[in-house]
Amino acid sequence: MSPVSTAPDIVIDWTTLSPVIIVLGAAVASTLIEAVGARKARSGVAVQPPYLRVVQAGVALLAVAAAGLMALRLALQSEDSIGLNGDGAVVVDPMTLYLQLAIAACALIGLLVIADRTVQGEDAFAPQAAAVPGSEYEHKARRRGMTQSDVFPLVLFATGGMMLFPAAADLITMFVALELLSLPLYLLAGMARHRRLLSQEASLKYFLLGAFGSAFFLFGAAWVYGATGTLELTGIAAAVATPTGLDRILVVGMVLILVGLFFKVGAAPFHSWTPDVYQGAPTAITGFMAACTKIAAFGALLRVIYSVAPALNWDLEPILWTVAILTMVVGTVVGLVQKDVKRMLAYSAIAHAGFIMTGVAAWSADGLTGSLFYLFTYGVATVGGFGVIALIREVDQEGHMRGEATGLDQWRGLGRRSPVLAGVFAVFLLSFAGIPLTSGFVAKFAVFAAAFGAGGWFLAVVGLACSAAAAFFYARVIVAMFFSSPPEEPSVAVSGVGIGVRTLGLTQLAVAVSLAFTVVVGVVPGWFLNFTRGLAQLLW
Amino acid sequence: MSVMAYLILASVLFTIGAVTVLVRRNSIVVFMGVELMLNAANLAFLAFSRMWGDFAGQLAAFFVMVVAAAEVVVGLAIIVALFRTRRTVSVDDENLLRH
């Protein structure tokens, strides 16, 4: 390659890029709205116009919905939309569009939970995230009913990064997308209204370990560049196919890139941030992050692995196998002893990362179908599950609403006090456990069948054993909710009971949508499985 | 000087950065370790760029610098917010989240 003397023709097909462009454009617009609308008073605590938050939530919901519809439309007519785009920086293929659709769907449901607030006007976020917890400034901001409406632009930026991540066709675009999705999430994790110290601590841990992980990714990218002379995945794949003297460097680079991606998907032994961040972050953000980050990061993992797979299969397969097995075992075993619902779901998320990886490690069209299907259904169920948790709150003696009641002992007897909410949560848990007639069963069946089909029977057997063991800790929550008596003095408010969590109803809507999807795909999975398989086979 | 020297330096810097992240307790020093790792990657990018006579590596270094700057903004904001709450930046004192 020689230095370019004249400007080359850069052809960009804006239509196929539109899902990402819509979301990022809305994020920029939303930031401007925030800048113009938020400040009324220069000194002391600012005053917000009451419509600001509504406008921001509306912009975010509309943008994500539009991006999702656009991705769906492109996916349905995908033959003419396949290919490299943006001068080779982005690849729009059926997998990209499927994942973008999944991310948009989960982000939309997640945004409903994020936008929800109690009838007293309290949302899930600190009135001013910059205020020191317990300070006079914070009290003032709270009394004036301030809300941190920059949450919406941050969520939009993160969503845009997530949609770009699996679409990246070169390692630098991938790195930029990785940071674009991560940086807003580090901030969002620290913005909880209640238990702010926990939330800030989660934010710091997420930031330090996340940045550590992306440094590995970047260093790996540098070595791969050194071994192949290019940063584009197609160029790397071509260089990998022709052995040179630099193969060792290439393998080291690929392993470092994988380590960076394993950090993001929360695979053991790079999972240590997951439980702390899931527990400390505001529940609305945990749901959004748990679903969408997992989809995006696995998308990038699939992109990298399937690009270089044919030639590096022998070197990378043992690593994938080891990480998959370790992830399933660690997630399941440590999950068994958790006493906090959010923390338990975090270990469950780690175990699920292992299950999805069995599909990835199968190196087949079936494996790809299974992983993609798993990501979509698991994502939707996760947002719904955390939506339920956001509705179960603590109350103090004066009857004020506090943070989420996440202790397992606080959930005892919930089935008697609020049968609907407990029942819905039980369905999500059964889906995580992989019980038939839920989407989780179909997804688990798809990845394990693919692993068996590709000769990875050992991986599938470990996966089945871990699923069986994991079913135990989901069952423990169900037993606590339905078969044990409530505590003497109930310290928990549940929607529909007595004082109740009265909200605008957006969370309930989000939960209902997730529930419908989980059950419908579980009972009649054919259409959705065929849709996934159709797209995966176009790629294979 | 051969490219190899730069690559060895980059690896040494990366290792120092990674060890710093793992053993130091002050969150600002931990963060400096991360920055050192990013700069080690930049050095490797530039050395390889020179080796291949290809400017994609230099371009990568520019992107990394911009992203690292954005990361500093977010990271220091988080560390400062935490310091104002707790009057400490030690990662060992942040121990509310446990099993």
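What residue, of A:K294, A:K339, is among the basic types (K, R) and within 14 Å of chain B (Cβ to nearest Cβ)?
A:K339
Can you confirm whether A:F175 is modelled with pLDDT of 95 or more and closer than 19 Å to B:A60 by Cβ?
yes
Checking A:A126 against (1) out of contact with any strand residue (DSSP E or B) (no Cβ under 6 Å at 6 or more places or on another chain); (2) of a type in the set (G, A, S); (3) under 30 Å from B:L43 (Cα atoms), only one condition comes out false. Which one?
Failed condition: (3).
For residues that are more than 7 Å from chain A (Cβ to nearest Cβ), free of Cβ contacts under 8 Å to residues at least 24 places away in the same chain and assigned to a helix (DSSP H, G or I), tally how many sit in segment B:36-57.
Adding up the residues that qualify gives 3.
Restricting attention to segment A:245-256, does a residue exist that is within 13 Å of chain B (Cβ to nearest Cβ), surrounded by fewer than 24 Cβ atoms within 10 Å (Cβ to Cβ) and closer than 22 Å to B:V30 by Cβ?
yes
As an exercise: evaluate B:L9 against (1) closer than 19 Å to A:G253 by Cβ; (2) surrounded by fewer than 19 Cβ atoms within 10 Å (Cβ to Cβ); (3) at the interface with chain A (Cβ under 9 Å from one of its Cβ atoms) and give the number of the one condition it does not meet.
(3)
State all residues of segment A:511-533 that are assigned to a helix (DSSP H, G or I), farther than 24 Å from A:A390 by Cα and touching a helix residue (DSSP H, G or I) at 6+ places or on another chain (Cβ under 8 Å); if no residue qualifies, say none.
Result: A:V521, A:G522, A:F528, A:L529, A:T532, A:R533.
Considering only residues of segment A:214-232 that are small (G, A, S) and more than 7 Å from chain B (Cβ to nearest Cβ), which is farthest from B:M4 (Cα to Cα)?
Going through the qualifying residues, I end up with A:S214.
Quick one: which of A:V424, A:V388, A:V395 is over 25 Å from A:V329 (Cβ atoms) and either modelled with pLDDT under 85 or in contact with a Pro (Cβ under 8 Å, 6 or more places away or on another chain) (or both)?
The unique qualifying residue is A:V395.
Where in segment A:265-368 are the helices (runs of 4 or more DSSP H), entirely inside, with at least 3 residues that are hydrophobic (A, V, I, L, M, F, W, C) and in contact with a helix residue (DSSP H, G or I) (Cβ under 9 Å, 6 or more places away or on another chain)?
By residue number, A:283-335, A:341-360.
Looking at segment A:407-460, what helices (runs of 4 or more DSSP H) fall wholly within it and have at least 1 residues that are surrounded by 19 or more Cβ atoms within 10 Å (Cβ to Cβ) and aromatic (F, W, Y)?
Filter on segment A:407-460 gives A:419-433, A:439-453.
Of the conditions (1) assigned to a helix (DSSP H, G or I); (2) free of Cβ contacts under 8 Å to residues at least 24 places away in the same chain, B:T88 fails just one. Which one is it?
Answer for B:T88: the failing condition is (1).
Within segment A:188-213, how many residues are over 15 Å from B:V34 (Cα atoms), at the interface with another protein chain (Cβ under 7 Å from one of its Cβ atoms) and surrounded by 24 or more Cβ atoms within 10 Å (Cβ to Cβ)?
The total comes to 5.
Could you list, in sequence order, all residues of segment B:21-35 that are part of a helix (DSSP H, G or I) and surrounded by fewer than 19 Cβ atoms within 10 Å (Cβ to Cβ)?
The answer is B:L22, B:V23, B:I28, B:V29, B:M32, B:E35.
Kindly establish whether A:T382 is in contact with a Ser or Thr (Cβ under 8 Å, 6 or more places away or on another chain), among the polar types (S, T, N, Q) and either assigned to a helix (DSSP H, G or I) or modelled with pLDDT under 95 (or both).
It is false that A:T382 is in contact with a Ser or Thr (Cβ under 8 Å, 6 or more places away or on another chain), among the polar types (S, T, N, Q) and either assigned to a helix (DSSP H, G or I) or modelled with pLDDT under 95 (or both).
Mind checking whether some residue in segment A:382-395 is among the acidic types (D, E) and surrounded by fewer than 21 Cβ atoms within 10 Å (Cβ to Cβ)?
Among the residues of segment A:382-395, at least one is among the acidic types (D, E) and surrounded by fewer than 21 Cβ atoms within 10 Å (Cβ to Cβ), which makes the answer yes.
Just give me the residues in segment A:139-164 being over 24 Å from the mean Cα position of the chain (by Cα) and closer than 15 Å to A:Y51 by Cα, in sequence order.
A:R144, A:G145, A:M146, A:T147
Could you run through segment A:113-129 and say how many residues are under 29 Å from the mean Cα position of the chain (by Cα), in a loop (DSSP other than H, G, I, E, B) and of a type outside the set (D, E, K, R)?
Summing the residues that are under 29 Å from the mean Cα position of the chain (by Cα), in a loop (DSSP other than H, G, I, E, B) and of a type outside the set (D, E, K, R) in segment A:113-129 gives 7.
The values are calculated or read from the model by the stated rules, or taken from the named source; none is laboratory data. Here the structure is a predicted model, which means the values were calculated and not measured. Ideal geometry is used to build each Cβ from the backbone, glycine not excepted, and the neighbour counts take in all protein chains shown.
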